[in-house]
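Trainee: Sharing a structure below in structure tokens format, with a few things to ask.
The values are calculated or read from the model by the stated rules, or taken from the named source; none is laboratory data. Quick caveat: nothing in here was measured; it's all calculated off a predicted structure. In this analysis, Cβ positions are derived from the backbone assuming ideal geometry, glycine residues included, and neighbour counts consider all displayed protein chains. SASA here: full protein model, heavy atoms, side chains in, ligands and nucleic acids out. Shrake-Rupley method; radii C 1.70, N 1.55, O 1.52, S 1.80 Å.
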Amino acid sequence: MDLLLPNFDVNQPTWFYLSLLLIVAVYFRFMRVFSLRNLDLALLLSASPGLLFVAAESDVTQTLGHVWLFVVACTFLVRMLVDPLLGRRPYLGQNLNTHGLAFLCFSVFAFLMTQAITSSLPRTTEVTIERAEKLVSRTATDPSEDAAQQVASGPATAVLATIALIFEDFGPPFLAILAHAAVITGLWFVGRNLFGDKSIGVAMATLYLLLPCTAYNVGEFNHVLPAALITWAFVAFRKPIVSGVLLGLACGTLVFPLFLLPIWAAFYGRKGAPKFVMALTGVAVVLLLSLALTSIDSESFFQKTIGTINVPLAVLSQSEFSSGFWKEANYVSPYRWPVMALYFIMVTLMTLFPGRRNVEVLLAQSAAAVIGTQLWYTQQGGVYLLWYVPLLLMVIFRPRLPHLQFTQDLDDEQLSVSKSTVRPTHNTSNTQTSRRLQLFR
């Protein structure tokens, strides 16, 4: 960061210590030490040492880091599975008011985005820009190029990355900035529209930026983009077509959003599922057309399409390029298939027997589905916390939301009553406080 901040450098351990102090000072409930909020903060911060171990040079330390992250992911999964069973959601504000949180949020965002601009970005982001340039110029490519570069992202990343080409050399940093900005604005709208409290949205956005995993992967556009799309799908959950388009684009970036589709289709039921599936089909057609624009001939297009479809199958088997928990801990590799079987059973049960079909259950189940993929994913399994951190934050900060469910037969009067229940009025501070307590009761 010598260009903007001369002689200033913050390494990963230092960032962990600084963010730890800030997070504890702002979010820890000192008057209620044994609270669910403090437990969730401890779980979120417990993943950071694992990331530091993985980044070490020692093979033994890296193995310890992968095992650490695997255990943390298992703990997160259990927390998400039991969340719908927690009946009471007491209102726990932050130790800093909304204006202070907003100032902290903008300051940390500016610092992180400066780091994204001045530091070298991952090779995956650069490859995404190259694929976007070939898509715009309709340059034919060989299907073996992506395999040689070990590109794990789907065609949607190149389609969405075309908007960065107008910035030329600033394109790769712009993609990272845009992805993180989409996440924090999505969290703000979730707090405003779904939770009925703007301060919760600011609190979630600020905590997302303060977490060490965000700073460590600030340039990972390919891994932040699907999380941003999923976050905005929750903002637009009342519109199956919009959420279907967003989730369809997310599925076109990486593998893990595919496992959210049956859960969301079950949430919409017979009334909304057809529109949801129609939107997914439309996105699939557009992505196939993008592959056709960069194909040499029909055989090349067929190979690219099959390669995209086989991405989930590719990550099911280990190869020489595999890394992560199952690569490092060879003595437990035979147990990977039972873990995968249990995961698919879990997703099936959440789809068929959700208990209650409302947003609070959908949040917990979506987070559980994404976290579960980290337990069997072969490419850096457990490391990609940014896949599910926004979902975790929404589950941690959410109030009681039994009234938020997809219904198409609400008349205008019922819908207005529902909105007034979700969104607090701004007449007096006493009215705001009473409505907040009602939401968290």
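Trainee: Can you tell me the length gained on complete extension of the stretch Tyr17 to Arg32, counting 0.36 nm per residue apart and subtracting the Cα distance?
Mentor: 3.1 nm
Trainee: A follow-up question, please. As a test of reading the structure, rank Thr231, Thr348 by solvent-accessible area (1.4 Å probe, protein chains only), most first.
Mentor: So the residues, ranked largest to smallest area, are Thr348, Thr231.
Trainee: If packing is taken as the average count of other Cβ atoms within 10 Å, what order do 77-83, 14-20, 197-203 fall into, highest mean first?
Mentor: 197-203, 77-83, 14-20
Trainee: While we're looking at this one, here's another question. Could you calculate the contour length gain from Phe344 to Thr281, that is, 0.36 nm times the residue separation minus the distance between their Cα atoms, to one decimal place in nm?
Mentor: Full extension of this stretch gives 20.4 nm more.
Trainee: List the extent of the Cα atoms of region 28-136 along each of their three principal axes, largest first, rounded to whole Å.
Mentor: 53, 42, 29
Trainee: So, one more: Remind me, what semi-axes does region 153-245 give for its equivalent ellipsoid, largest first in whole Å, using sqrt of 5 times each Cα gyration tensor eigenvalue?
Mentor: 24, 18, 10
Trainee: Moving on to the next point. Test of understanding: what is the full-extension gain from Leu165 to Leu352, defined as 0.36 nm times their sequence separation minus their Cα-Cα distance?
Mentor: Additional length available on full extension: 63.0 nm.
Trainee: Now, a different point. P(r) tail for region 66-111, what percent of Cα pairs lie past 16 Å?
Mentor: Tail fraction, whole percent: 66.
Trainee: Shifting gears a bit: Near Thr185, within a Cβ-to-Cβ distance under 15 Å, what is the net charge of the other residues, with Lys and Arg +1 and Asp and Glu -1?
Mentor: Result for the local shell: +2.
Trainee: Determine how large the accessible area of Lys275 is when every protein chain is in place; take a 1.4 Å probe and give Å² rounded to the nearest 10.
Mentor: 80
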